[in-house]
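In what follows, a structure is listed as structure tokens, so that the remarks can point back to it.
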Amino acid sequence: MDAEKGQKPAMSERRPVSERKRTANRTNAQKSTGPKTQAGKEKSKMNAVKHGILCDQLIIMGGEGQEDLTAFEELRAGLRAHYQPVGPLEDILVQMMTGYLWKGRRAQRYEGGAIQRQIEDQRDQETARREGRFQEALAAGESLEESVLGLQHLLEKLEVATEEVQRGDWSVESSGFLEDHFRDRIRVPPAPKKPMDSLPDDVERKQLLKELRVQRDRLRERLREVEATEQREGDARVRSYMLPEGRDLDLVLRYEAAIDKKLHKVMDRLRQVQADRREAEAAASEAGGDEPAAT
């Protein structure tokens, strides 16, 4: 037989797979149900543990509470690298440790959310209290220069009065406002007989505008001071809310205590299993060393 006849055809010279053959291959692939032997099934089962596929039962994968799968995998990989589990039992114990540590992180996030909700609730209540105090002071004719809301109100009304004077107008509202709050600082023109009228001819407009601007500048400076004071007081109150209260505190403490207990139990179990394995390996190694070497 010639050498050429004994050679197999090159890949480029082989006949292409027929469409019928491709269809048969696809059909057979669809009929595949995975490993058939017990050893194969056990190996396949361990792949799920080794690669963290069980995490889909633990991690919140969607919605507003969606968790970070990458962070979970990094935690699991770090534990595997540290404990280097051998065999299915050690793998499962490491997986359980991952789950408990992840639940501990979830408890921390819950605690942070509870604190944030608590702070927001307190801020809302503080805003309502400040609004209430401002309205009370306004109704009682008390000084409005002790709060941010009061100063903002004075500046807004002062700006309205200034614009009226610039136009040559004068209103009952502006006259009453200046009389109530600035009678000792501004020479207030008398109130008109109509709700809105022209500024009286005997009023020195430039002098009145000057006095209005002086008060505007004074109030702006005062506003900065009061804003800083209220900010410091608000920050101090926020710091006092940096721990969860009531039901949230009780829930976090009980949850973390339960998780911590389970975690340490699994850690102790893993240490014992690994110690037993190493002891057995050492014993087997010693037993094997006593046997005569094969010739």
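Does Ser143 count as within 19 Å of Val226 (Cβ to Cβ), polar (S, T, N, Q) and surrounded by fewer than 18 Cβ atoms within 10 Å (Cβ to Cβ)?
When the stated conditions are applied, Ser143 passes them.
Could you tell me whether the range 241-248 includes any residue that is free of Cβ contacts under 8 Å to residues at least 24 places away in the same chain and farther than 30 Å from Ser143 by Cα?
Checked the range 241-248: at least one residue is free of Cβ contacts under 8 Å to residues at least 24 places away in the same chain and farther than 30 Å from Ser143 by Cα.
Which condition number in (1) out of contact with any Lys or Arg (no Cβ under 9 Å at 6 or more places or on another chain); (2) surrounded by 14 or more Cβ atoms within 10 Å (Cβ to Cβ); (3) closer than 30 Å to Val226 by Cβ is the one that Gln122 fails?
(1)
Considering Leu243, Leu208, Leu270, Leu178, which residue is surrounded by 14 or more Cβ atoms within 10 Å (Cβ to Cβ), farther than 21 Å from Arg130 by Cβ and under 37 Å from the mean Cα position of the chain (by Cα)?
That would be Leu270, the only listed residue that is surrounded by 14 or more Cβ atoms within 10 Å (Cβ to Cβ), farther than 21 Å from Arg130 by Cβ and under 37 Å from the mean Cα position of the chain (by Cα).
Give the residues of the range 119-166 that are of a type in the set (Val, Ile, Thr) and over 25 Å from Pro192 (Cα atoms), sorted by residue number.
Passing the criteria: Ile119, Thr127, Val148.
Matching residues to (1) in a helix (DSSP H, G or I); (2) over 30 Å from Tyr255 (Cα atoms); (3) in the same structural domain as Leu249 (by TED's automatic domain parsing):
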site: Gly99; (1), (2), (3): yes, no, yes
site: Ala107; (1), (2), (3): yes, no, yes
site: Ile115; (1), (2), (3): yes, no, yes
site: Ile119; (1), (2), (3): yes, no, yes
site: Ala137; (1), (2), (3): yes, yes, yes
site: Leu158; (1), (2), (3): yes, yes, no
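Pick from Glu131, Glu126, Glu146: which is without any contact (Cβ under 8 Å) to a residue 24 or more places away in the chain and among the acidic types (Asp, Glu)?
None of the other options fit; the residue is Glu131.
The values are calculated or read from the model by the stated rules, or taken from the named source; none is laboratory data. Quantities reported herein were computed from a predicted structural model and do not represent experimental measurements. We place every Cβ from the backbone using ideal geometry, glycine too, and count neighbours over all the protein chains shown.
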